[in-house]
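First comes the structure, then the notes that go with it.
The values are calculated or read from the model by the stated rules, or taken from the named source; none is laboratory data. If you're wondering where the values come from, they're calculated on a predicted model, not measured in any experiment. Neighbour counts run over all protein chains shown; Cβ positions are idealised from the backbone, glycine included. Please note that ligands, DNA and RNA were not included when accessible areas were found on the heavy atoms of the full protein model with its side chains. Shrake-Rupley method; radii C 1.70, N 1.55, O 1.52, S 1.80 Å.
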Amino acid sequence: MVGLKPPEVPPTAAVKFFSAGTAACIADLCTFPLDTAKVRLQIQGEVRIPRSTGTVEYRGVLGTLSTMVRTEGPRSLYSGLAAGLQRQMSFASIRIGLYDSVKQLYTPKGAESTGLAARLLAGCTTGAVAVTCAQPTDVVKVRFQANGATADGARRYSGTVDAYRTIAREEGVRGLWRGTLPNIARNAIVNCGELVTYDLIKDALLRAQLLTDNVPCHFVAAFGAGFCATVVASPVDVVKTRYMNAGPGQYRNVLSCLLALLMQDGVTGLYKGFVPSFLRLGSWNIVMFTSYEQLQRAVTLARPAQS
């Protein structure tokens, strides 16, 4: 036996909500440098206004990480972590923690099992709602992660709170929700790629009795979920990152950002940073889903002892 046994009483929606946010924060702490490397590679080569030739060039995942440590110091790998954790506590709690509850709403009464359509609808719904609520934290996180890639290397913000204030003051409240539409599209896709794939692989493994409902099963399902999510979401993720990092006037809208990317880098530009994206999403999913399952069980098993 590996890990805690599934509890006899299913976890409540509140337990899932709390466990999802906490597990996502644990996963972020473990994989944040990979996420930062992904952002730097995605915005590399971006045409900036004004133009500059003083930007640092990054090559590959390890090359990006080593270059950042050498030119900016080790702390740069975790630049934006505070906003990242704020994002996960609001974002993951909704999109992951409420997935099962929303899935049941879309499942017809009396149905023996949940169909694929209901799972996909649930993934799209919780992903869209989560983005709408947590978008400002994502904007600030991306700005901090991309900061060292600016031409002069100057810090754009002194801290997380200053970033929220500065963006709201200089770009208006709408600036905090910059890139909401591509982020909704991305996270609807990611949510389906992650949660639905995890759901289906886990169910298939359990039905075929290849694995029991424990850590090895969660590991395999999470790995598959991370790969599928990376493949389908990478193009939207690149556009989202560039648009959210852009200054006022750099792009008219999301479509102009996409067209500028395609004209400059071609279709392959949509998969910039794919390797760090997969390394990050794959490892993030493994840590998150494994922690999520165990936290649910630990909290549920602890509740009777507290009553």
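Against the chain, whose longest principal axis is taken from its Cα atoms, helix 60-72 shows a tilt of about 60°.
Computed from Cα atoms, the angle from the helix 254-265 axis to the main principal axis of the chain rounds to 70 degrees.
Once you order the gyration tensor axes a ≥ b ≥ c over the Cα atoms, which shape class does region 164-307 get: rounded for a/c under 1.5, otherwise prolate or oblate by comparing a/b with b/c? Here region 164-307 falls in the oblate category. Other residues lying with their Cβ under 15 Å from the Cβ of ALA37 contribute a combined charge of +3, Lys and Arg counting +1, Asp and Glu -1. In this structure, the residue pairs whose Cα-Cα separation is over 19 Å, taken from LYS38/LYS240; LYS202/LYS240; LYS38/LYS141; LYS16/LYS103; LYS141/LYS240; LYS5/LYS202, are LYS202/LYS240.
The residues of the chain expose on average 46 square angstrom of accessible surface per residue, using a 1.4 Å probe on protein heavy atoms.
Looking at (i) 19.9, 64; (ii) 19.3, 60; (iii) 17.9, 56, which value of Rg and Dmax of the Cα atoms in Å comes from a calculation on the structure shown? Among (i) 19.9, 64; (ii) 19.3, 60; (iii) 17.9, 56, the one calculated here is (i). Across the chain, the longest run free of exposed loop sites, meaning trypsin sites (Lys or Arg not before Pro) lying outside DSSP classes H, G, I, E and B with no more than 13 other Cβ atoms within 10 Å, spans 156-251. In plain terms, the chain is cut at each of the GluC sites (Glu not before Pro) found in a DSSP loop with at most 16 other Cβ atoms within 10 Å, and the longest leftover piece is 113-307.
Give me the percent of the accessible area of region 80-178 that comes from carbon and sulfur atoms, probe 1.4 Å, all protein chains in place. C and S fraction of accessible area: 60 percent.
Under 18 Å of direct C-alpha separation, and excluding same-chain neighbours fewer than eight residues apart, LYS109 reaches these aspartates and glutamates: ASP100. Taking the Cα atoms only, what angle lies between the long axis of helix 215-245 and the longest principal axis of the chain, rounded to 10 degrees? In the chain, helix 215-245 runs at an angle near 30 degrees to the longest axis.
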